Amino acid sequence: MADVRAEVREFLSSRRARLTPEQVGLPSFGGNRRVPGLRREEVAMLSGVSVDYYVRLERGDIGGVSESVLDALATTLRLDEAEREYLFDLARAAGPARTKRRARPAGPVRPAVQQVLDAISDAPAWVRNGRHDILAANTLGRALYSPVFEDPRRPVNTTRFTFLNPAAHQFWRDYDRIAHDGASMLRLEAGRNPHDPDLINLVGELSTQSELFRRHWASQDVMFHRSGTKRLHHPVVGDLDLHFESMDLPSEPGLVLNVYTAPAGSPTADALAMLASWAASGAVDETTVGVGGVDPDGSGSEKPTTP
């Protein structure tokens, strides 16, 4: 993701290709079109810029472009909220060094954050970063994601689990959607922090080892992950239909609190109660399934945790 110009080029061309002239109120002229979607000159006209200027933008020369031009492009290309944010992030990353965001070093969460997690006793909860590393969790969260925590590396990473662990196909009942969403969320994070070495390494690892990840990454899709449902198959309690809420932690920029719940009296609520009993019995070993393994100096280097 360090080649921001290439990312700009691929993103803009992919968004242009998905639109038809009819969608933006232009004549299609039947079968005379040689390219899928809109032509560059059509995007330029609809955005109120010259063709030469738009060609420069699509080639990746987007640093220093005004917000009004970016807004016009986003409107013309019918970008959703996540895509619009991604475009603005790419423009910042392509600009002068002083405008580039710096990734926060990975490190243990503050004890107060862990105390908040532990106070949530009836719902699985954990804190993750933009790379999908789980940095802290409560007991029920570790129990729910026990297949993810079987990875000896710390911190565990849910997207690495999704693409590289065969158990993910059974754990995620909507595997295809989870795979698409995981790659799309990582790409959004790559727009925010394109020079994050840990993120670059993760994307490189997944691209090298997973053809499915390469396909999703090449789609240029981005998305937010704020709320929704997760359908899991837990190896101990079976099928679960959970609602999740993802909340940014203002005191910990870049970190997100995820909480999963189920309606009272539902089969999933009963299954969560069983899962809590299973975790309380000592089946979830806090010493081997914990979220440690990050250097106490906050450097962010990962250390394997030996089972």
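The table below lists the values:
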read-out: 5 angstrom amide H check on LEU135, placed H, neighbours 5+ away; value: VAL127, ARG128, ASN129
read-out: Principal-axis tilt of helix 81-94 within the chain, Cα atoms, nearest 10 degrees; value: 70
read-out: Whole-Hz couplings from phi, Karplus 6.51/-1.76/1.60, listed for the range 135-141; x for Gly and Pro; value: 9, 7, 7, 8, 4, 5, x
read-out: Cut-off under 5 Å, modelled amide H: who pairs with GLY228 long-range; value: PHE244
read-out: Tail fraction, Cα-Cα pairs, the chain, threshold 35 Å, whole percent; value: 28
read-out: Hz values of 3J(HN,Hα) by residue in the range 114-127 - Karplus curve (6.51, -1.76, 1.60), Gly and Pro given as x; value: 4, 5, 4, 4, 5, 6, 8, 8, 9, 9, x, 8, 7, 10
read-out: Long-range Cα-Cα pairs in the range 4-99 (distance over 15 Å), rounded percent; value: 58
read-out: Interchain or long-range residues, amide H under 5 Å from LEU19's placed H; value: LEU38
read-out: Per-residue Cβ neighbour rank within 10 angstrom, fewest leading, ILE134, ILE62, ILE200; value: ILE200, ILE134, ILE62
read-out: Helix axis angle, 175-192 relative to the chain longest principal axis, alpha carbon, degrees; value: 70
read-out: Nearest-ten-degree value, helix 67-76 long axis tilted from longest Cα axis of the chain; value: 90
read-out: Relative contact order (percent, whole number), the chain, Cα cutoff 8 Å, 6+ residue spacing; value: 20
read-out: For the range 111-289, convex hull volume per residue from C-alpha positions, Å³; value: 115
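Since every read-out is calculated from the coordinates, none of them should be taken as a lab result. Nothing here was measured: the structure is a model prediction, and the numbers come from that model. Ideal geometry is used to build each Cβ from the backbone, glycine not excepted, and the neighbour counts take in all protein chains shown.
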